[in-house]
1. Give the residues of the stretch 9-29 that are more than 10 Å from the chain's Cα centre (by Cα) and part of a loop (DSSP other than H, G, I, E, B), sorted by residue number.
2. Within the stretch 48-69, take every residue that is open to solvent by 50 Å² or more (accessible area, probe 1.4 Å) and among the aliphatic types (A, V, I, L, M) and give me the one that is nearest to G29 (Cα to Cα).
3. Looking only at the stretch 30-47, decide whether some residue is touching an Asp or Glu at 6+ places or on another chain (Cβ under 8 Å), assigned to a strand (DSSP E or B) and open to solvent by 60 Å² or more (accessible area, probe 1.4 Å).
4. Any idea which of (1) outside any strand (DSSP E or B); (2) open to solvent by 80 Å² or more (accessible area, probe 1.4 Å) is the one R72 doesn't satisfy?
Amino acid sequence: MSKERRQALRTPSSVPLEIYDPKGRMVVGEGRFLNLSTIGGLMESPKPLKPKTSIRLHMVSAGKSALELLARVVWARKNNSGFTYGIRFSQREPSHSN
């Protein structure tokens with residue numbers, strides 16, 4: 001049995017995202033989380049992002065205000081439908097935008 005390396009429990013997710021650079025300019029446009037924890041998650045998107053890139057994520061759930069998180073790309077992998085990323089959140093207290 002292999003030892004779990006993650007620091008926090010991950011929960012499956014399909015939350016859609018809008019991806020921006022740290023200053024709020026659109027970088028990729030959209031993506032989605034595949035799983036989430038309190039400190040990061042697994043994200044997929046059709047466009048490449050480099051490891052160590054800082055990003056701003058806007059998570060929008062139906063009927064709710066957007067949740068904005070600052071994050072950093074930890075790793076990136078290309079797959080058939082685009083790219084998957086390991087993401088680590090940069091701030092613990094998310095901000096809400098309308």
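1. Selection gives L9, R10, S13, S14, D21, P22, K23, G24, R25, V27, V28, G29.
2. Only one residue tops the list, namely V60.
3. Looking for residues that are touching an Asp or Glu at 6+ places or on another chain (Cβ under 8 Å), assigned to a strand (DSSP E or B) and open to solvent by 60 Å² or more (accessible area, probe 1.4 Å), one finds at least one in the stretch 30-47, hence yes.
4. For R72, the failing item is (1).
The values are calculated or read from the model by the stated rules, or taken from the named source; none is laboratory data. This structure is a prediction, so every number in the text was calculated from the model and none was measured. When we count neighbours, we look across all protein chains shown, and the Cβ atoms used for this are built from the backbone with ideal geometry, even at glycine. Ligands, DNA and RNA are stripped out before the accessible areas are found, and what is left, the full protein with its side chains, is counted by its heavy atoms. Shrake-Rupley method; radii C 1.70, N 1.55, O 1.52, S 1.80 Å.
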